[in-house]
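Here, each number is a calculation from the coordinates, and none is a lab measurement. Predicted model only: the values in this text are computed from it and were never measured. Quick reminder, even Gly has a Cβ in these numbers, built from the backbone with ideal geometry, and neighbours come from all protein chains shown.
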Amino acid sequence: MATPPLPRIPLALPGFEQVRRSWNDTHEAYAARLLPGEYYVTLNDECVYTTLGSCISACIRDRINGVGGMNHFMLPASTDANSWKSTNLSAATRYGNFAMEHLINVILKNGGKRQNLEAKLFGGGRIMQNMTDIGMRNIIFVRDYLKIEEIKVLSEDVGDIYPRMVAYFPATGKVRVKRLRSLHNNTIVEEESRYIKTVEKEPIKSDIELF
Amino acid sequence: MKNNIADLLKGVDGLITLPHVYIRINQLVEAPDSTMADIAKAVSQDPSFTVRMLRVANSPFYGFSSTIDTVDKAVAIIGTSQIRNLALSMSVASTFAGLPNNLVSMDNFWRHSLYCALIARILAKQARRCDPEAVFTAGLLHDIGELIIFNRLPEQAHQSLQLVLDQLDEMPVYQAERQVIGFDHAEVGGELARLWTLPPLLVECIAFHHSIERAERYPREAALVHIANSLAQMAEVDTLETEDVTPVDPLAWEIAGLDEEIIEQVIREAQAEIIETEKLFFGK
């Protein structure tokens with residue numbers, strides 16, 4: 001029996017063409033696979049998913065018109081552990097703001113209204129017991145950020161010792177989180193360390209773009 | 001480069017060897033004219049194993065009512081073929097310490113194996129037709145092929161795990177291994193078990209824990225280890241969602257004569273026992 005042809009892949013918004021997407025039978029939707037440091041915003045009924053160790057993902061959408069997306073990032077190491085609290089913006093905070101504002105601004109540019117935004121938070125696990133709790137730093141940063149921006153956090157699954165796979169459907173706000181076995185710890189940590197090294201090597205050059 | 005299992009096993013020859021105490025006990029168990037006293041003597045020749053074995057014998061793991069203070073008594077109560085399994089179970093972690101890898105910590109690897117062992121044992125007690133102690137050992141050994149793949153084929157092993165993580169849907173590691181390497185850890189472990197002439201029950205459970213329909217002599221035991229593997233993953237990440245882990249072949253429940261309804265209770269029991277059992281078997 002011939003399999004019916006797959007629906008055509010929805011057009012990616014400008015700037016997101018490089019994000020890898022594939023058809024998923026279970027959800028009968030295209031799914032975008034995010035890597036650390038990437039983000040993805042869509043107007044379509046598609047899924048965006050990622051695996052998280054100590055990194056964090058904010059899933060944000062306009063609850064009225066369904067435009068929304070996900071980011072995946074980690075704060076670079078900062079010399080002052082509490083610098084995100086001080087008035088001087090540290091490089092770490094700047095990087096975090098950058099990751100959050102990119103996501104939010106693209107949602108707003110594509111028809112999202114600030115007052116309609118809602119968020120869900122995932123990740124920030126402490127998956128290596130002997131390491132400092134970098135996950136917690138990311139959690140605290142994002143919670144603070146969303147509080148200041150007055151974006152409501154509907155739910156979160158953060159911290160703890162497990163890596164996670166998160167799948168988010170911006171059109172409906174539906175999310176599925178799966179804890180991953182410790183078998184995957186090292187693979188995930190390695191991917192995240194590679195990413196954080198590139199971030200620390202190339203700090204953000206200019207100030208955050210203001211829209 | 002085409003991989004084959006025989007070459008892979010040649011590569012680990014000498015890096016991992018069965019412990020002497022197991023080999024001696026095994027010879028005696030197989031010999032028709034050996035006595036329990038012979039086996040007790042073989043055990044006594046390994047003082048470190050003797051101490052640890054007596055500790056297990058007197059622990060809640062067995063829950064015997066009387067104190068077992070001599071090796072003779074232990075062999076009599078636990079049974080000779082059980083002592084053989086115990087010798088294997090208690091040494092497997094140190095045996096495979098000779099095969100380090102960068103993909104999974106040994107603590108995490110053995111915790112999963114021990115969860116699988118505990119759960120297989122609990123399931124066997126409920127299924128009633130299998131030897132709980134034998135499937136315990138089978139559960140503890142079921143993934144040994146993984147350590148060989150991780151050590152000998154680190155690049156391809158890494159690619160397999162990456163492939164699993166790239167899938168939105170649950171993809172079992174063995175499927176990724178078949179795709180990337182051409183064979184999986186169950187086949188590798190099964191070959192090693194055959195090479196080591198481990199008891200056929202262990203060989204089948206290790207080789208067929210992802211393909212239970214291939215088990216010939218021990219389909220029930222293989223089915224129990226297969227179910228226990230998935231439930232062990234659930235116990236580890238503390239979930240009751242079966243779709244979060246390697247799917248259980250419905251045939252396994254049928255062969256084992258067990259019902260999915262027991263999952264939660266079995267997982268809770270294993271979670272309650274894991275820390276103490278780790279201390280007993282891995283000396284932690």
Which FRET efficiency, nearest 0.05, do B:Lys73 and A:Asp133 yield, Cβ-Cβ r, R0 51 Å? 0.55
Using r as the Cβ-Cβ distance of B:Asp166 and B:Ser211, and R0 as 25 Å, what FRET efficiency do you calculate, to the nearest 0.05? 0.55
B:Gln45: net charge of surrounding residues, Cβ under 13 Å, Lys/Arg +1, Asp/Glu -1, itself excluded? 0
Given points 7 Å out from each Cα along the Cα-Cβ axis, report the B:Asn4 to B:Trp253 separation in nanometres with one decimal. 4.1 nm
So if R0 is 51 Å, what FRET efficiency would A:Asn116 and B:Ser94 give, r being the distance between their Cβ atoms, rounded to the nearest 0.05? 0.30
Sort B:Leu147, A:Leu13 so the one with the fewest other Cβ atoms within 10 Å of its own Cβ comes first. A:Leu13, B:Leu147
Have a look at the DSSP beta bridges in the protein assembly as shown and tell me what percent are antiparallel, nearest 5. 75 percent
What is the Cα centroid distance between segment A:163-177 and segment A:180-199, reported in whole angstrom? 20 Å
For A:Arg33, A:Arg114, what ranking results if the residue with the fewest other Cβ atoms within 10 Å of its Cβ goes first? A:Arg114, A:Arg33
Identify which of B:Val56, B:Val225, B:Val188 has the largest mean-square fluctuation in a Gaussian network model of chain B, with springs joining Cα atoms closer than 10 Å. B:Val56
Helix B:263-282: angle to the longest alpha-carbon principal axis of chain B, degrees 0 to 90, nearest 10? 60 degrees
Only Lys, Arg, Asp and Glu count, each charged at its Cβ (+1, +1, -1, -1), so figure out the dipole size of chain B about its Cα centre, rounded to 20 debye. 1220 debye
Could you tell me the center-to-center distance, by alpha carbons, between segment B:1-64 and segment B:208-279 in angstrom? 25 Å
Here segment B:72-89 yields Karplus 3J(HN,Hα) values (6.51, -1.76, 1.60; θ = phi - 60°; whole Hz; Gly and Pro given as x) of 4, 5, 4, 5, 5, 7, 6, x, 5, 6, 5, 4, 4, 4, 5, 4, 6, 4
As I understand it, the dipole of the protein assembly as shown uses +1 on the Cβ of Lys and Arg and -1 on the Cβ of Asp and Glu, about the Cα centre. Which of B:Ile181, A:Gln115, B:Leu118 lies farthest toward its positive end? A:Gln115
Let me know the mean shielding of A:174-181 by other chains, meaning the per-residue number of their Cβ atoms within 10 Å of its Cβ. 5
If B:Ile39, B:Ile274, A:Ile140 are placed from fewest to most neighbouring beta carbons inside 10 Å, the sequence is A:Ile140, B:Ile274, B:Ile39
With angles folded into 0 to 90 degrees, how steeply does helix B:47-57 sit against the dominant principal axis of chain B? Use alpha carbons for both and round to 10. 80 degrees
How large is ³J(HN,Hα) for each residue in segment B:226-234, as worked out from phi by the Karplus curve 6.51 cos²θ - 1.76 cosθ + 1.60 (θ = phi - 60°), to whole Hz, x for Gly and Pro? 4, 5, 4, 4, 5, 5, 5, 5, 5
Would you kindly derive the ³J(HN,Hα) couplings of segment B:157-169 from the backbone phi angles with the Karplus curve 6.51 cos²θ - 1.76 cosθ + 1.60 (θ = phi - 60°), listing them in order in whole Hz, with x for Gly and Pro? 5, 4, 4, 4, 5, 5, 4, 4, 6, 7, 8, 5, 8
Let me make sure I get this right: for segment A:118-205, a, b and c are the square roots of the gyration tensor eigenvalues over alpha carbons, sorted descending. Under 1.5 in a/c it's rounded, otherwise prolate if a/b > b/c, else oblate. Which is it? oblate
Taking placed amide H atoms and a strict 5 Å upper bound, the residues 5 or more places from A:Asp160 or on another chain that come that close are A:Arg126
Let's see if you can work this out: charge +1 on each Lys and Arg Cβ, -1 on each Asp and Glu Cβ, no other charges. What is the dipole magnitude of the protein assembly as shown about its Cα centre, in debye to the nearest 20? 860 debye
Mean Cβ-within-10 Å packing, highest first, puts peptides A:59-66, A:193-200 in the order A:59-66, A:193-200
Kindly rank B:8-19, B:135-146, A:179-190, A:102-113 from highest to lowest mean number of other beta carbons found within 10 Å of each residue. B:135-146, A:179-190, A:102-113, B:8-19
Radius 12 Å from Cβ of B:Glu133, net charge of other residues (Lys, Arg +1; Asp, Glu -1): +1
